[in-house]
1. Name the trypsin sites (Lys or Arg not before Pro) in the stretch 66-134 that are in a loop by DSSP and that have at most 13 other C-beta atoms within 10 Å, would you?
2. In whole Hz, what ³J(HN,Hα) sequence does the stretch 91-103 give by Karplus (6.51, -1.76, 1.60; θ = phi - 60°), x for Gly and Pro?
3. Residues of the stretch 2-131: accessible area per residue at 1.4 Å, in Å²?
4. If you average the alpha carbon positions of the stretch 65-134 and of the stretch 1-47, how far apart do those two centres end up, in angstrom?
5. Name the residue farthest towards the positive end of the dipole of the stretch 2-131 from the options Asn34, Leu111, Gly19, assuming +1 on Cβ of Lys and Arg, -1 on Cβ of Asp and Glu, about the Cα centre.
6. Which of the GluC sites (Glu not before Pro) found in the stretch 1-107 are loop residues per DSSP with 15 or fewer other Cβ atoms within 10 Å of their Cβ?
7. For a quick check: with amide H placed at 1.01 Å from N, whose amide H comes under 5 Å from Tyr58's, ignoring anything fewer than 5 positions away on the same chain?
8. I'd like the carbon and sulfur percentage of the solvent accessible area for the chain, probe radius 1.4 Å, heavy atoms only, ligands and nucleic acids excluded.
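The values are calculated or read from the model by the stated rules, or taken from the named source; none is laboratory data. Predicted, not measured: the structure shown is a model, and the values here were computed from it. Positions of Cβ are backbone-derived with ideal geometry, glycine not excepted, and every protein chain shown enters the neighbour counts. For the accessible areas, the whole protein counts, side chains as well, though only heavy atoms, and no ligand, DNA or RNA atoms are used. Shrake-Rupley method; radii C 1.70, N 1.55, O 1.52, S 1.80 Å.
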Amino acid sequence: MKVCRRETFNAAHRLFKEGWSDEKNEEVFGKCSNPNYHGHNYVLETWVEGPIDPETGYVIDLKKLKELVRGEVTDRFDHANLNLDCPEFKNINPTCENIALVIWNILRVKLDEKYKLTVRLWETENNVSEYSGE
Ligand code: NI
């Protein structure tokens with residue numbers, strides 16, 4: 001059985017590879033390489049999979065999952081510049097894929113091992129990435 005907590009955060013980023021010229025970065029990353037940064041309204045889905053607890057009827061208490069996601073991720077990333085404010089992205093390009101990977105790693109160590117964790121991150125209405133540890 002799978003359950004999901006949906007949270008949102010607004011954050012700025014710039015996609016670029018150090019060592020590449022501005023032209024090369026623009027060619028590869030387009031508008032997302034704007035040196036003055038730009039923002040997205042991210043939608044973060046945190047999926048937890050495991051058996052239903054026969055006592056509670058829950059896989060996991062979604063209130064506790066909400067507090068975990070907010071406390072560890074969205075409270076820090078919301079209204080942040082991911083490149084400048086979040087040390088996780090000091091040496092990692094904050095693509096939709098890498099942000100999902102970073103979030104998964106943050107949450108994985110805080111979540112009971114009995115659960116399978118999947119993070120799905122919507123960068124726009126049309127672009128999404130998903131990571132389950134593989
Ligand atoms: Ni972007």
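1. The qualifying sites are Lys90, Lys110, Lys114.
2. Listing the rounded values in order: 10, 10, 5, x, 6, 4, 5, 5, 5, 4, 4, 4, 5 Hz.
3. 60 Å²
4. About 12 Å separates the Cα centre of the stretch 65-134 from the one of the stretch 1-47.
5. Projecting each Cα onto the dipole axis, the largest value belongs to Leu111.
6. Sites meeting the loop and neighbour criteria: Glu18, Glu55.
7. Amide H to amide H, under 5 Å and 5 or more residues apart or across chains, Tyr58 pairs with Asp53.
8. Summing carbon and sulfur atoms, their accessible area is 46 percent of the total for the chain.
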